[in-house]
Structures are given as C-alpha cells and as structure tokens.
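Below is one structure, written out as structure tokens; the observations come after it.
The values are calculated or read from the model by the stated rules, or taken from the named source; none is laboratory data. This one's a predicted model, so the numbers in the text were calculated from it and none came from an experiment. All Cβ positions, glycine included, derive from the backbone under ideal geometry; neighbour counts span all protein chains shown. Note: accessible area is taken over every heavy atom of the protein model, side chains too, but ligands, DNA and RNA are not part of it. Shrake-Rupley method; radii C 1.70, N 1.55, O 1.52, S 1.80 Å.
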Amino acid sequence: MDWTPGGLSEDVEDRRGSSGGGGFGGGGGLGIIGFLVLLVISLVTGRNYIGAYLSGSSTGASHSPSAVVDSGDRTRSGAPGEDRPAELVSWTLDDVQHTWTTLLPAQTGRDYRRAKLVLYDGYTYSGCGTAQSQTGPFYCPADEKVYIDLSFWNELRRLGGSNAEFAQAYVVAHELGHHVQNILGIEQQVRHLSGQDPSQRNPLSVDMELQADCLAGVWAHGTEQRNIVHDADIAAGLQAAAAVGDDHLQRMERGSISPESFTHGSSAQRVGWFKQGLEQGTIAACNTFKVGGAIPSSVGSY
C-alpha cells in the first residue's frame, strides 16, 4: 500500500495518554469523587457531562463535544513516521473522506460532511456512551465520530485477520461507511424499523454492516485506480473482512455457529460485499437490503 506518513489530520482527536482516554485519575483535577458525581448527573439527565468535561479539560477550550482534542503533541511534533499506526489511520481518514466528498454528491445528490476520528487508550467517552477497547472500532451517529483504540490491530491478528496496512485501512473505511449511511438517512430508517419490529433487529444489523463493507470497497475501488493499493493489499483486506465474520468469531469462541444471532454477517458475506464495492465502485451497488429482504427494498436505495 503506497502512502506517505505525515502527522495527524485536523479531523483526528488524539486522546491517547490523556484524561479523555485514561483512567479515573485524570480529568484535569476533577478527582474520582467529582468524576462519579458527573457520572451520576449524566445518567440522570441523559446528557454527557463527562465527555464534555474531558474534551474541555484536555484542550483548555470550551466544553463543546466537537472540539478537537490535541493531546498528541508528541505525535504531531515528531518526525513523519514516528507514530506510523496513528498516521496510517489519519491518512486513511483523509483519503476516504476526500473520496466521499466527490462521490456522494455525484452519485446521490447529497453533500458529504466530514466526520471526526478519536484515538484513545483503554476507554473514553462518546456521544453513544462509553467507548472501550474490547468493543473494537465503532462509529457513533450521535456525534459523527469514529472511535479506535490502536491495540485492535493486535486483536485482529489474534482473530486470524491480516495486520497489514491495507487491512487496517479497510477497518477505518468500514466505519466511515456507517457515516455515509448516517448522512443518507439509512441509519435512522433502520433504527426506526428495528424499534417497530425487534425480531428484525439482527437481520437489519447484518444488512447495515454488509453495506458498510461494500462502501469500504467503493473507496478501495478508487485507491486501486490510483495505484495506491495492489493485489496483495486487497488480499489482506479480504482476510481482515473474513476474520470478523460472525461465523468465524462464533466458531472460535464456542465451536459452533448460530446464524440467527449474527449481527455483522458471515465471513463469506463480508468478503463478498467488500468485493462488490471494490469491483463496481458505486454506492448503488451496495444495496444489501434488497438482498437480505428484511425490510422494504426502498431502504438503502439512492
């Protein structure tokens, strides 16, 4: 995969080693008692006062949840390549967002709005609740941010996936696929339909995840045309997709599989939809809902 390290994007919030991503002892002097008080208030009122406090205390600026947390001076001021995993995530973030800034209006008539990406250690706070490293990377539609603990790459390798750079880039592109779904209103439609019929929650989740895989493939289609990725890179991405298939994970954990409990799709499905986006290069090719049949085909149409 041909890319050039170059520090962190302005769309990256680096909370690693800061009060926003560490234990209870930080918080700019808040202390554990004060932290617990804010936690209770947040639970009672439904407002994320902890996240707002941590963001503000890390920057010395306002407590706006969208403020960029630059606790990563050690990475921004260092020579390019000194923090290669973070810089790869940052480069991928910018490249994927540049792609969607062009493709989304051209193919759907919708303008793209940039998402943020949060790097953290262990756990931090998001608009969707607590972010923990064991949950893996995820996208929060409430604050339009992707959350990643870089230790996930070690977990991906443990699960049998590739730890190559394009495999890591695929994960970032998948999460930004969820951001595209949010912009297009698909996430909201799926959430509404899941509430109407809880029995369809898992099938709908599978369709959502497979579509995000396909949208990651759409981005990869553009990188292949620009000679950024090559055949070996694509193979690594496919291996990563297969490693996080529900059937593979269930077989590793308990020796058997339960398709009715799938939330992300099988390894074959995830690989297949990533390849669909890679080969077609269009958002319209990623309508997983028509195939799944869990909800009306109008959902996911563009």
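Observations on the structure shown:
- Among the residues of segment 209-248, the one identified as under 20 Å from the mean Cα position of the chain (by Cα), in a loop (DSSP other than H, G, I, E, B) and without any contact (Cβ under 8 Å) to a residue 40 or more places away in the chain is 245.
- Contact map, segment 159-181: residues that are under 27 Å from residue 142 (Cα atoms) and among the hydrophobic types (A, V, I, L, M, F, W, C) paired with residues that are in a helix (DSSP H, G or I) and modelled with pLDDT under 90, Cβ distance under 6 Å, separation 6+ or inter-chain. Pairs shown: 167/236; 167/237; 167/240.
- Within segment 261-275, being under 11 Å from residue 248 (Cβ atoms) and within 16 Å of the chain's Cα centre (by Cα) holds for 264, 270.
- Flag for residue 144 being charged (D, E, K, R), touching a strand residue (DSSP E or B) at 6+ places or on another chain (Cβ under 8 Å) and under 28 Å from residue 285 (Cα atoms): yes
- Whenever a residue of segment 135-152 is in contact (Cβ under 8 Å) with a residue 24 or more places away in the chain, its partners that are open to solvent by less than 10 Å² (accessible area, probe 1.4 Å) and assigned to a loop (DSSP other than H, G, I, E, B), lying with C-beta atoms within less than 7 angstrom and at least six residues away or across chains, give the pairs 144/115; 145/115; 146/115; 147/120; 149/120.
- Candidates in segment 261-299 are the residues that are hydrophobic (A, V, I, L, M, F, W, C) and open to solvent by 60 Å² or more (accessible area, probe 1.4 Å); of these, the one that is modelled with the highest pLDDT is 284.
- Of the criteria (1) open to solvent by 10 Å² or more (accessible area, probe 1.4 Å); (2) of a type in the set (D, E, K, R); (3) in contact with a strand residue (DSSP E or B) (Cβ under 6 Å, 6 or more places away or on another chain), which one residue 165 fails: (3)
Here is a yes/no grid of residues against (1) open to solvent by less than 30 Å² (accessible area, probe 1.4 Å); (2) more than 22 Å from residue 191 (Cα to Cα); (3) assigned to a strand (DSSP E or B):
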| site | (1), (2), (3) |
| --- | --- |
| 113 | no, no, no |
| 117 | yes, yes, yes |
| 124 | yes, yes, yes |
| 131 | yes, no, yes |
| 134 | no, yes, no |
| 139 | yes, no, yes |
| 143 | no, no, no |
| 153 | yes, yes, no |
| 156 | yes, yes, no |
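- Applying a threshold of 9 Å to beta carbon distances and a minimum spacing of six or more residues, or different chains, the list of pairs starting in segment 260-285 at a residue that is under 17 Å from residue 204 (Cα atoms) and ending at one that is among the charged types (D, E, K, R) and surrounded by fewer than 18 Cβ atoms within 10 Å (Cβ to Cβ) reads 263/201.
- Residue identified as closer than 29 Å to residue 217 by Cα and either buried (at least 18 other Cβ atoms within 10 Å of the Cβ) or modelled with pLDDT under 55 (or both) among 89, 44: 89
- Looking across segment 107-125, the residues that are among the hydroxyl-bearing types (Ser, Thr, Tyr), touching a strand residue (DSSP E or B) at 6+ places or on another chain (Cβ under 9 Å) and farther than 22 Å from residue 91 by Cα come down to 123, 124, 125.
- Applying the criterion of being out of contact with any Ser or Thr (no Cβ under 9 Å at 6 or more places or on another chain) and modelled with pLDDT of 95 or more to the residues of segment 128-147, the residue that is farthest from residue 86 (Cα to Cα) is 141.
- If you check 120, 125 for being of a type outside the set (Val, Ile, Thr) and closer than 28 Å to residue 104 by Cβ, only one passes: 120.
- Subset of segment 179-206 [open to solvent by less than 50 Å² (accessible area, probe 1.4 Å) and not in a helix (DSSP H, G or I)]: 185
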